[in-house]
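Worksheet: one structure, shown below.
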Amino acid sequence: MQALQSTLIQLVQGLKFTIGIFFFTLIFSIPLGLLVSKGRMSKIRIVSVIFQLYISILRGTPLMLQLLLVYFGPYYIFGVNLGSIQIGPFNYRFIATIIAFTLNYAAYFAEIFRGGIQSMSKGQYEAATVLGFSRMQTYFKIILPQVVKRVLPSVSNEIITLVKDTSLAQVLSVTEMFTKASAAASAQVSVIPFIVAGAFYYAMNLIVETILNRVEKSMSYYS
Amino acid sequence: MPDTEKDIVLEITDVHKSFGDLEVLKGISAKVGRGEVVAVIGPSGGGKSTLLRCATTLERVDSGRIVIGGDVLCENGSYCDKKLEKEIRSKFGLVFQNFNLFPHFSVKRNITEALIHVHKKSREEADDICKHLLEKMDLVEKADAYPCNLSGGQQQRVSIARALATNPEIIFFDEPTSALDPELTKGVLTVIKELAKEKMTMVIVTHEMSFARDVADRIVFMDGGVIVEEGSAYDLVTNPRQERTKAFLAGY
Ligand SMILES: Nc1ncnc2c1ncn2[C@@H]1O[C@H](COP(=O)(O)OP(=O)(O)O)[C@@H](O)[C@H]1O
Ligand SMILES: [Mg+2]
């Protein structure tokens, strides 16, 4: 009973980092993904090739490896020691985690957004053009709202995956929930901490799913 | 004669347009006077849509001159500045074959959005214009509906209302009834006939021969990127002079 209680306390301590990784990654990777998708669709060949390469590499290599590279890369490659960096409550482990997650998820989001943008019919742009809307107005009033609806199912998938992927931050010893669960499990010689952690991840995803379903429903007034 | 010149709403002179190696418009010249209704007919692939798209800034011509409402859009294939082009865009409306309504906007917002955000009208003013147009289109009760809940004919009437909202000097129609089931075309054609009675200047690409004959003042027959024949609507349909026109009309 006491063991379970201390497990819960530790996991809840880890939970705030887990949630931190989740939200910061979403906040940064969605806009970055939009920019990357723009770059990927650029008419300038070299720009589009560079972004294509970016997407290909970040989707084609393990996120865990990317985490290690972002964290250790500056020191081992450039001899720069960033280990002492601290921004507010966030140490470099956490910052490196957010950077790696953001770069990785932006690549996935970029491809989803590109699919959504390219699925828009030319007629929508043309109707907006002859009505006199500027390019910005066309993008933000006409195109983007429709793209959001189209990409939401794929974006939801990524968001649910992200909840689970936060556990990869363990490799940088970020004290998120999974790291805490591992520590508790080996201290107690028990799988209970893992089972409790699993329940937490599942509960988080239930909440995420509920919210996403609401959003999807709020856009179902047209087809 | 400056007076008649002033009343030319659209003037196209020797317009050429190619897509790669394919020359689609091979020197088109035409004038449309204020209040005139011109129907453009001809076989598929003849360049009718491309001509409309060039006149509505959706395609860039290679050479030639286009003047709309007295403003020169392009001369020898080189275009006016962006500011004037934007102004020119407010002088015409375009109705597409497949409507291209904004599916995420209600009927009302489809009609008022450009009024408010491009033409800087107040919401009340825009709502007034919208209400008036929906009455005309017999769609008052659909103001808050979304395009996906309307029939094709109703959607096309909304798109006509959207094109009319900004009070353009000329409206272009590209086969406005071709995407519609036959029983739905009537409502759309009736609306266009009403507009003709009100002396709205219109250029209509259509395959509805009897409609073209009844509603148009003039018919232009296009084939292979050139205007083969043009004349008063009745004459051209009942008494075509060119062999190609005869062959085409024989199919109807
Ligand atoms: N964007 C384009 N790129 C290449 N070819 C085109 C394009 N638009 C039209 N065409 C070609 O131009 C010709 C004329 O097409 P169009 O103007 O649509 O004719 P119509 O409207 O009279 O049927 C056709 O051969 C068509 O394939
Ligand atoms: Mg056509």
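The values are calculated or read from the model by the stated rules, or taken from the named source; none is laboratory data. The shown structure was predicted, so the numbers you read here are calculated from the model rather than taken from an experiment. Virtual Cβ from ideal backbone geometry, glycine too; neighbours counted across all protein chains shown. In case anyone asks, the SASA skips ligands and DNA or RNA and just uses the protein heavy atoms, side chains included. Shrake-Rupley method; radii C 1.70, N 1.55, O 1.52, S 1.80 Å.
The set of residues in region B:20-49 that are within 15 Å of ligand 2 (Cβ to nearest atom) and either open to solvent by less than 10 Å² (accessible area, probe 1.4 Å) or in contact (Cβ under 8 Å) with a residue 24 or more places away in the chain (or both) comprises B:24, B:25, B:28, B:39, B:40, B:41, B:42, B:43, B:46, B:47, B:48, B:49. Inspection of region A:92-109 finds no residue satisfying the criterion of being in a loop (DSSP other than H, G, I, E, B) and either within 14 Å of chain B (Cβ to nearest Cβ) or buried (at least 16 other Cβ atoms within 10 Å of the Cβ) (or both). Note on region B:196-214: among residues that are in a helix (DSSP H, G or I) and closer than 18 Å to residue B:169 by Cα, the one that is nearest to ligand 2 (Cβ to nearest atom) is B:196. Restricting the search to region A:13-28, which residues are of a type in the set (A, V, I, L, M), open to solvent by 50 Å² or more (accessible area, probe 1.4 Å) and closer than 15 Å to residue A:89 by Cβ? Result: A:19, single match. Has region B:41-58 got any residue that is small (Gly, Ala, Ser), in a helix (DSSP H, G or I) and within 21 Å of residue A:130 (Cα to Cα)? Yes, the conditions are met somewhere in region B:41-58. Would you call residue B:144 touching a helix residue (DSSP H, G or I) at 6+ places or on another chain (Cβ under 8 Å) and modelled with pLDDT under 95? Spelling it out, it is not the case that residue B:144 is touching a helix residue (DSSP H, G or I) at 6+ places or on another chain (Cβ under 8 Å) and modelled with pLDDT under 95. Please determine whether any residue of region B:178-200 is within 14 Å of chain A (Cβ to nearest Cβ), open to solvent by less than 20 Å² (accessible area, probe 1.4 Å) and more than 16 Å from ligand 1 (Cβ to nearest atom). Within region B:178-200 (the criterion being within 14 Å of chain A (Cβ to nearest Cβ), open to solvent by less than 20 Å² (accessible area, probe 1.4 Å) and more than 16 Å from ligand 1 (Cβ to nearest atom)), the answer is no, since none of the residues qualifies.
Given the structure, is residue B:105 within 12 Å of another protein chain (Cβ to nearest Cβ) and in contact with a Gly (Cβ under 9 Å, 6 or more places away or on another chain)? Steps first, answer last, please.
On the way: within 12 Å of another protein chain (Cβ to nearest Cβ): yes; in contact with a Gly (Cβ under 9 Å, 6 or more places away or on another chain): no.
In short, no.
One residue stands out in region B:50-82 among those that are among the hydrophobic types (A, V, I, L, M, F, W, C) and within 16 Å of ligand 2 (Cβ to nearest atom): the one that is surrounded by the most Cβ atoms within 10 Å (Cβ to Cβ), namely B:51.
Within the set A:10, A:86, the sole residue that is buried (at least 19 other Cβ atoms within 10 Å of the Cβ) and more than 14 Å from residue A:169 (Cβ to Cβ) turns out to be A:10. Looking at B:113, B:85, B:125, just one residue is open to solvent by 50 Å² or more (accessible area, probe 1.4 Å), over 16 Å from the mean Cα position of the chain (by Cα) and either closer than 19 Å to residue A:144 by Cα or free of Cβ contacts under 8 Å to residues at least 60 places away in the same chain (or both), and that residue is B:125. Residues in region A:112-128 that are within 13 Å of chain B (Cβ to nearest Cβ) and part of a helix (DSSP H, G or I): A:122, A:123, A:124, A:125, A:126, A:127, A:128.
Taking (1) in a helix (DSSP H, G or I); (2) more than 14 Å from ligand 1 (Cβ to nearest atom) in turn, residue B:248 satisfies each apart from (2). Counting the residues of region B:18-63 that are within 7 Å of ligand 1 (Cβ to nearest atom), touching a helix residue (DSSP H, G or I) at 6+ places or on another chain (Cβ under 8 Å) and among the aliphatic types (A, V, I, L, M) gives 1.
Touching a residue at least 60 places away in the same chain (Cβ under 8 Å) and away from every other protein chain (no Cβ under 14 Å): which single residue out of A:208, A:215 fits that description? If you could, list the steps in order and put the result at the bottom.
Values: A:208 fails: touching a residue at least 60 places away in the same chain (Cβ under 8 Å).
Just one listed residue meets the conditions, A:215.
Being more than 13 Å from chain B (Cβ to nearest Cβ), open to solvent by less than 10 Å² (accessible area, probe 1.4 Å) and of a type outside the set (D, E, K, R) is a condition met by no residue of region A:130-143. Among the residues of region B:3-15, is any more than 15 Å from ligand 1 (Cβ to nearest atom), assigned to a loop (DSSP other than H, G, I, E, B) and either touching a Gly at 6+ places or on another chain (Cβ under 7 Å) or farther than 21 Å from residue B:232 by Cβ (or both)? Among the residues of region B:3-15, at least one is more than 15 Å from ligand 1 (Cβ to nearest atom), assigned to a loop (DSSP other than H, G, I, E, B) and either touching a Gly at 6+ places or on another chain (Cβ under 7 Å) or farther than 21 Å from residue B:232 by Cβ (or both), which makes the answer yes.
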